[in-house]
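The values are calculated or read from the model by the stated rules, or taken from the named source; none is laboratory data. Remember, it's a predicted structure, so these values are computed and weren't measured experimentally. Counting neighbours? That spans all protein chains shown, and the Cβs are built from the backbone with ideal geometry, glycine included.
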Amino acid sequence: MFLLIISQVFLYLCLSITFGCFLLSLIPKNYRPDITVPKRILLLSIIGIPLSSFIPVLQIILYLIPTSGFYESFQNVVFTFEIGKAWLFVFTLSTILFIFVLLIDYRKEALYGFFGIVLICLSIVGVGWSSHASSIDSTWGFISDTTHLTAVCLWIGILIVVSWFSKDSSNWLAFLKWFTPVAILCFIVTGISGLILMSFVVDDYVTSWMIPYGQALLIKHLFIVPLLFYALLNGIIIRREMKKNIDFDPRPWAKVESIIILFIFSETAVLGEQSPPKETAISSDTVSKLFTMFSKVPVQESLHLSINFNSILFIILAVLFFAMTIYSFIRKSPVILSILMSVLLVVCLYFSFILSVA
């Protein structure tokens, strides 16, 4: 389970970095900071795509080996299972992309950048093809999951590459001028496609919190709160700060936003390894240990929210940690403090919701 989760986080990260590298190569230099992504980083990201996406395939192969042997199990899974055929598609694209980047400098010609974007977008299609939503609904599940992943990789890919690989903050205001509307559009698309994905697997959102899938979904949604704050901070507030102070460096705060997104990637990976609510009968055997640890509500078929003193107390604490997050920016405190405040904000929001379940 742990290896599967790590592999999925690594897959999202590799897709995002690769997407971001090719896309930013098409942006004129006066509209972005000076970026240098070591070639080995891009090549490792490309290699990481088929390697990390192979782990779920390997899990099925290992399950079949005792009855069919390795070769026959490998052949059956890769050539007959949908998840195997999707991986073979991704592997082929990644091999072409690896050779392309190894032999050609994609930054010299716009056509090279477009070619890389086409291949990485097709790889995302392959990942969407093998997704859980696609197995539930081959059309809308596939479309919504692929759209969701594409929007996320586009937004996060640009953010990661700019925040971690830019030499300085030159042209940052020009960068924000086009990136902010792109990020807003990606967030809207991600939200809409996410709601569509939820409709395939979740009947009752609050009731789903009793099982591991619902717990991961709740935590993922709670991390969107600090993410929106940092998106607002990096898109609007920092722009004003840079106009007043030309020496202000926005890159650490962009890095914080990318780290928060890694938390969201982690919860997304957990979701992919859990049985969704529509396929899970709620019982003492399937209920989440995390849920029973903090909630004394008996296992039942339906839950609802009921605000009480404890939940209000944690909401107040969440507001205080949110204020501390803002204060850490105003005081230019180390970014690690801001990350800690954001995590504590999510923890308090989590307790507020869980303790209000009835």
Would you be able to tell me the number of residues in the range 158-168 that are buried (at least 21 other Cβ atoms within 10 Å of the Cβ) and modelled with pLDDT under 90? 0
Of all residues making up the range 85-120, the number that are touching a residue at least 12 places away in the same chain (Cβ under 8 Å) and not in a helix (DSSP H, G or I): 2
Listed residues V346, V297; which is in contact (Cβ under 8 Å) with a residue 24 or more places away in the chain, part of a loop (DSSP other than H, G, I, E, B) and either closer than 30 Å to F248 by Cβ or of a type outside the set (D, E) (or both)? V297
Is the range 81-92 home to any residue that is within 20 Å of S166 (Cβ to Cβ) and at pLDDT below 90? no
What is the one condition in (1) out of contact with any Phe, Trp or Tyr (no Cβ under 8 Å at 6 or more places or on another chain); (2) surrounded by fewer than 18 Cβ atoms within 10 Å (Cβ to Cβ); (3) more than 22 Å from E279 (Cα to Cα) that F187 does not satisfy? (1)
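Return the total of residues in the range 17-43 being polar (S, T, N, Q) and over 15 Å from F179 (Cα atoms).
Start the filter on the range 17-43 by keeping residues that are polar (S, T, N, Q), which leaves 18, 25, 30, 36.
Okay, now just the ones that are also over 15 Å from F179 (Cα atoms), so 18, 36.
Residues that pass the stated criteria total 2.
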Only residues in the range 128-157 that are surrounded by 21 or more Cβ atoms within 10 Å (Cβ to Cβ) count as the first member; pair them with residues that are not in a helix (DSSP H, G or I), Cβ under 6 angstrom, at least 6 apart or cross-chain, and list the lot. D145/S131
Please enumerate the residues belonging to the range 308-326 that are assigned to a helix (DSSP H, G or I), over 27 Å from the mean Cα position of the chain (by Cα) and exposed (fewer than 15 other Cβ atoms within 10 Å of the Cβ). F309, N310, I312, L313, I316
Among (1) assigned to a helix (DSSP H, G or I); (2) surrounded by fewer than 20 Cβ atoms within 10 Å (Cβ to Cβ); (3) touching a residue at least 60 places away in the same chain (Cβ under 8 Å); (4) not aromatic (F, W, Y), there is one condition V270 misses while meeting the rest; what is its number? (2)
Would you confirm whether or not the range 104-116 contains a residue that is β-branched (V, I, T) and surrounded by fewer than 18 Cβ atoms within 10 Å (Cβ to Cβ)? yes
Subset of the range 239-256 (residues that are over 17 Å from I339 (Cα atoms), aliphatic (A, V, I, L, M) and surrounded by 15 or more Cβ atoms within 10 Å (Cβ to Cβ)): M242
Of the candidates E82, E72, the one satisfying the condition of being over 21 Å from S16 (Cα atoms), exposed (fewer than 15 other Cβ atoms within 10 Å of the Cβ), over 22 Å from the mean Cα position of the chain (by Cα) and touching a residue at least 24 places away in the same chain (Cβ under 8 Å) is E82
